[in-house]
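Take a look at the structure set out below.
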């Protein structure tokens, strides 16, 4: 009887290591999708080489360049295998067993170790990297790009120069009885303005992308840009609070000349359609360029954030178009109201003042995030 008990216990002790191994089976391969221009990719590769490979010497790291179409397809297939439907084609994207990581945050250091050791960690929060004084730790996830496009784009669009220019155009074209002409010339103004502004946002993104290629992580540059933008918005808020919102750029010689040109074109009887089209486009282009100080910092910081995210070029295009949509949303609402009612709806001027305060808060928050909490 004793011999049987000893034999049974011996078998159990011999099997325990196998059960233990089955429960904590480690993953020996890490799949990393990267871009040579991506600063977060460089940080993650450094972590893998200096920390993970040191602790797990048998670890194999397989890397793929995201700019190749076959690698993009592979990423989609790997996401599909894991049942993930909502994701962004971005770098760095890392696969460890059933786990996947997009972006690289401070929490990922411990989570990746757990993933290699066989744990499923996708339910755990990532990106809680900011400890704001008097508030505590704020979990901001991946600094959601759609949310940033909505917040920064909306604040950027609510500037006194741009809205004032649209109202001027609408008041001129509302003299037409034909709604088709109101839609055509008003829409032409908006289309021209948003196209030129879109080129500027693309330019900021390309500039930050180039900086990332040559100097690596650009979070400090983004943080400094956000800080200067926040200071500018704060000064504008104080000024508007005292004297009311005004567009300082509207008094520039170029803006005055463009305004006179478009008024004269529409007031002159028998003006050809081509002359009216040119005057509206010229006016929209000039106002878009001279209004840049009104939104100083916002498009610059957004472009930097996109460059820092290491997206594919299609990703850049998508998020810039999304930003431009929110940038023009208020003007589109004003325009639609004018077309329907043949009247121009103008909100309380105090709204613009408080928008600048909101812009100040957003820019200071982003500055804190990229300079201290990153």
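The values are calculated or read from the model by the stated rules, or taken from the named source; none is laboratory data. In this text, all values refer to a predicted model and were calculated from it rather than measured experimentally. In this analysis, Cβ positions are derived from the backbone assuming ideal geometry, glycine residues included, and neighbour counts consider all displayed protein chains.
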Scan region 251-270 and give yes if some residue there is under 25 Å from residue 160 (Cβ atoms), at pLDDT 80 or above and under 14 Å from the mean Cα position of the chain (by Cα), otherwise no. no
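If you check 62, 84, 138, which single one turns out to be touching a strand residue (DSSP E or B) at 6+ places or on another chain (Cβ under 9 Å), modelled with pLDDT of 90 or more and either farther than 23 Å from residue 307 by Cα or surrounded by fewer than 12 Cβ atoms within 10 Å (Cβ to Cβ) (or both)?
Values: 84 fails: modelled with pLDDT of 90 or more; 138 fails: modelled with pLDDT of 90 or more.
Being touching a strand residue (DSSP E or B) at 6+ places or on another chain (Cβ under 9 Å), modelled with pLDDT of 90 or more and either farther than 23 Å from residue 307 by Cα or surrounded by fewer than 12 Cβ atoms within 10 Å (Cβ to Cβ) (or both) holds for just one of 62, 84, 138, which is 62.
Do any helices (runs of 4 or more DSSP H) lying entirely in region 252-309 carry at least 2 residues that are within 19 Å of residue 180 (Cα to Cα), and which ones are they?
Output list reads 253-267, 273-290.
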Residue hits (region 75-96; outside any loop (DSSP other than H, G, I, E, B) and in contact (Cβ under 8 Å) with a residue 40 or more places away in the chain) are 75, 78, 90, 93, 94, 95, 96
